[in-house]
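K.L.:
Okay, handing you the structure first.
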Amino acid sequence: MAKVLVSDTIDQVGIDILSQVAQVDVKTGLPDEELIKIIPDYDALMLRSGTRVTQEIIEAGTQLKIIGRAGVGVDNIDVKAATRQGIIVVNSPEGNTIAAAEHALAMMLSLSRHIPAANESVKANKWDRKRFMGAEVYKKTLGVVGLGKIGSHVANVAKAMGMKLLAFDPFISQDRAEQLGCTLVDLDLLFSESDYITLHVPKTPETAHLINAEALAKMKPTTRIINCARGGIIDENALADAIASGQIAGAALDVFEEEPLGESKLRGLENVILTPHLGASTAEAQVNVAIDVAEQIRDVLLGLPARSAVNIPGLTPDVMEKLRPYLQLAETLGNLVGQLAGGRIERLTVRLQGELATNKSQPLVVASIKGLLSQALRERVNYVNAAIEAQERGIRVIETRDAAQRDYSGSIHLSAQGSMGEHSVTGVLLGDGEIRITDVDGFPINVPPSNYMLFTVHRDMPGIIGKIGSLLGGFNVNIASMQVGRKIVRGDAVMALSLDDPLPEGLLSEITKVAGIRDAYTVKL
Ligand SMILES: NC(=O)c1ccc[n+]([C@@H]2O[C@H](COP(=O)([O-])OP(=O)(O)OC[C@H]3O[C@@H](n4cnc5c(N)ncnc54)[C@H](O)[C@@H]3O)[C@@H](O)[C@H]2O)c1
Ligand SMILES: O=C(O)[C@H](O)COP(=O)(O)O
């Protein structure tokens, strides 16, 4: 039975789903050394933001097939290391959207009305009404940085509260922003005009310290900043200085450069609200993310695709369902052309023809690479790491798309250039889903792939086919089917044979000695 390690607290509903297919061990708060020691036993790891999944942990996880993040951010997982090792990383892109947006809105209102400080004061037996004079958000300007799922919900609610909305998001269209009632502006304008600034971007090299001393200097003394996105988007020291000096009015932070928050000047400031990364901590969100991620882990352990894999671009279950037969075709052709080319491959050209010539067919390119590398890497290569493995081996992958339909509605043509020359293959699917190889090195044929195959390039002349048949018969190799493809009579031709048995050692060199045979290749598919 598969084994799943759950290394952060997740809702029981997730454990119940995983238990349908695996032994589930919940071990939270493990130090790195302990995790490295036990991870080799596990097929899957499920976590939240509490576990840092380093390259070392991933490399120790020799059985790992999937890492599931019960939440959005995967910045605590070394996704690159997981990808290289062929481990699928999944998350729950929407499960905690509302929870995080509501936390940001709660922070904005709490800041405006001094709710945490007023609460503390009353509990300390005081009745100080003057000290807690607040500000309304109605008719104030809210600057939303990052108009994705969470930013959009915040914008919607803020609009209903009568706020004016500015937004900065270089990847969002004007139309989408307008739909949300936001005016798209540049960052400088958002900084200088906003009364409230709320951050909803991922932490990337571009967003690291997006709010720094320079940015803070552009803001109004009444500006309040809310960060429920990621620590490190704000330079915390610069923020504390700006609040202490009255350059801006305050801040509410749920996330920090270092978590748990260590020594910080922010703790001593009255106009600062701090929460311990609670954005996703609602009962509803935790049920959502636990179900979302546990189901994906269960599916992957059962050999099914994951719906939100962050490191298999484009291969959603919908796409998978539609492309499934073609994925098999691409993989078979990749495997075939890799074996024909032999040696070190330098370049793979993938041409998607007819109905396959769409952007949605990108996974077919990955499947072709997977097939190409399968002889060298066997089960180590998968949809996750195929592209990165090709890149690291110096294989240049060229994709071309040609919407013109030839004899079939869609076909895949691969050509591999390597240290031993260039070879090409084309394949199609028949109406019943059967794969046909329709071209080898430019010679038209029509053969189904089979476990053991022999291809020859020879002169089209009488007697050759008989000689090959006798040679194979002499070694007790049974021929299941045979086809010859030629461009002109008595020119060069290609022969493709499907064999019931593998070619015995030495027979290939015997075949190449037959007069008229230019080249011969054995292939195992
Ligand atoms: N505090 C919490 O507990 C909590 C909970 C959930 C999510 N989050 C965090 O909230 C953030 C947003 O999550 P989401 O689900 O809305 O993600 P999302 O992917 O839907 O939205 C992110 C948006 O940021 C934009 N963006 C990317 N780079 C940008 C840049 N350089 N400048 C401006 N915009 C940029 C993207 O175009 C996108 O629209 C993430 O960092 C996520 O990890 C935190
Ligand atoms: O990215 C996320 O989903 C949030 O940061 C939530 O983190 P958590 O699962 O540790 O609460």
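The values are calculated or read from the model by the stated rules, or taken from the named source; none is laboratory data. What you are looking at is a predicted structure, and each value in this text was computed from that prediction instead of being measured. Neighbour counts are summed over all protein chains in view; Cβ atoms, including those assigned to glycine, are modelled from backbone coordinates with ideal geometry. Please note that ligands, DNA and RNA were not included when accessible areas were found on the heavy atoms of the full protein model with its side chains. Shrake-Rupley method; radii C 1.70, N 1.55, O 1.52, S 1.80 Å.
K.L.:
With just the Cα atoms defining each centre, how far is the range 277-302 from the range 34-61? Give it in Å.
P.N.:
When both Cα centres are located, 18 Å separates them.
K.L.:
Of Leu315, Ala515, Gly71, which is farthest along the charge dipole of the chain in the positive direction, counting Lys and Arg as +1 and Asp and Glu as -1 at C-beta?
P.N.:
With unit charges placed on the Cβ atoms, the residue in question is Ala515.
K.L.:
Could you sort the peptides 215-225, 172-182 by per-residue average Cβ neighbour count (10 Å cutoff), highest mean leading? Walk me through the numbers on the way to the answer.
P.N.:
Numbers: 215-225: 19.4, 172-182: 15.4.
Highest to lowest by the protection proxy: 215-225, 172-182.
K.L.:
For Tyr383, Tyr408, give the ranking by accessible area with the largest first, probe 1.4 Å.
P.N.:
The most accessible residue leads, giving Tyr408, Tyr383.
K.L.:
On the accessible surface of the chain, probed at 1.4 Å, how many percent belong to carbon and sulfur atoms? Can you show the working numbers first?
P.N.:
On the way: 12260 of 24420 Å².
About 50 percent, which is the carbon plus sulfur part of the accessible surface.
K.L.:
Here is a further query. Rank these residues by their accessible area, most exposed first, probe 1.4 Å: Glu94, Glu331, Glu389. Before the final figure, lay out the partial values.
P.N.:
Working: Glu94 130, Glu331 40, Glu389 15 Å².
Heavy-atom accessible area, descending, gives Glu94, Glu331, Glu389.
K.L.:
Something else about it: Below 28 Å, Cα to Cα, which lysines can Lys3 reach? Residues fewer than 8 away in the same chain don't count.
P.N.:
List returned: Lys27, Lys37, Lys65, Lys80, Lys370.
K.L.:
Separate question: Given 0.36 nm per residue, what is the gain on full extension from Asn478 to Ser409 after removing their alpha carbon distance, in nm?
P.N.:
Working: separation 69, 0.36 × 69 = 24.84 nm, distance 3.42 nm.
Difference between extended and current length: 21.4 nm.
K.L.:
Working only with C-alpha atoms, what are the Rg and Dmax values of the range 442-525, expressed in angstrom?
P.N.:
11.8, 33
K.L.:
On full extension of the chain, what length is gained from Asp75 through Ser245, given 0.36 nm per residue of separation minus the C-alpha to C-alpha distance?
P.N.:
Here the segment from Asp75 to Ser245 would lengthen by 57.9 nm.
K.L.:
I would also like to ask the following. Could you work out how much longer the chain between Leu302 and Thr183 gets when fully extended? Use 0.36 nm per residue separation minus the Cα distance between them, nm to one decimal.
P.N.:
Working: separation 119, 0.36 × 119 = 42.84 nm, distance 4.65 nm.
Here the segment from Leu302 to Thr183 would lengthen by 38.2 nm.
K.L.:
Looking at the chain from every direction and averaging, what is the projected area of its Cα convex hull in nm²? Numbers along the way, then the final one.
P.N.:
On the way: hull surface 121.9 nm².
The number I arrive at for the chain is 30.5 nm².
K.L.:
Follow-up question, since we're still on this one. Let me cross-check Ile398: its accessible surface, 1.4 Å probe, with only protein heavy atoms counted, in Å² to the nearest 10?
P.N.:
So the heavy atoms of Ile398 present about 50 Å² to solvent.
K.L.:
Nearest 0.05, what FRET efficiency do Asp402 and Lys487 give at R0 = 25 Å with Cβ-Cβ as r?
P.N.:
Working: r = 21 Å, r/R0 = 0.85.
So, using R0 = 25 Å, E works out to roughly 0.75.
K.L.:
Show that you can apply the helix-only estimate: for the chain, add -39,500 (n - 2.57) for every DSSP H stretch of four or more residues, divide by all residues, and state [θ] at 222 nm to the nearest 500. Working shown, then result.
P.N.:
Numbers: 17 runs with 177 residues, N = 525.
One gets -10000 deg cm²/dmol as the mean residue ellipticity at 222 nm.
K.L.:
With each label point set 7 Å from Cα along the Cα-Cβ vector, what nm distance links Asp501 and Glu120?
P.N.:
8.5 nm
K.L.:
Find the accessible area per residue for the chain; the probe is 1.4 Å, ligands and nucleic acids are left out, and the unit is Å². Working shown, then result.
P.N.:
Details: 24420 Å² over 525 residues.
Per-residue value: 47 Å².
K.L.:
May I pose another question? If you look at just the Cα atoms of the range 97-274, how large are its Rg and its Dmax in Å?
P.N.:
15.6, 52
K.L.:
Where q = 0.14 Å⁻¹, what log10 of I(q)/I(0) comes from the Debye formula for the range 188-253, counting one point per Cα?
P.N.:
-0.33
K.L.:
While we're looking at this one, here's another question. With label points built 7 Å along Cα→Cβ from the Cα atoms of Lys360 and Ala217, find their separation and express it in nm.
P.N.:
Placing both labels 7 Å along Cα→Cβ, they lie 5.2 nm apart.
K.L.:
Sticking with this structure for a sec: Compute the acute angle (0 to 90°) between the alpha-carbon long axis of helix 362-377 and the principal axis of greatest extent of the alpha-carbon atoms of the chain; round to the nearest 10°.
P.N.:
Approximately 60 degrees, to the nearest 10.
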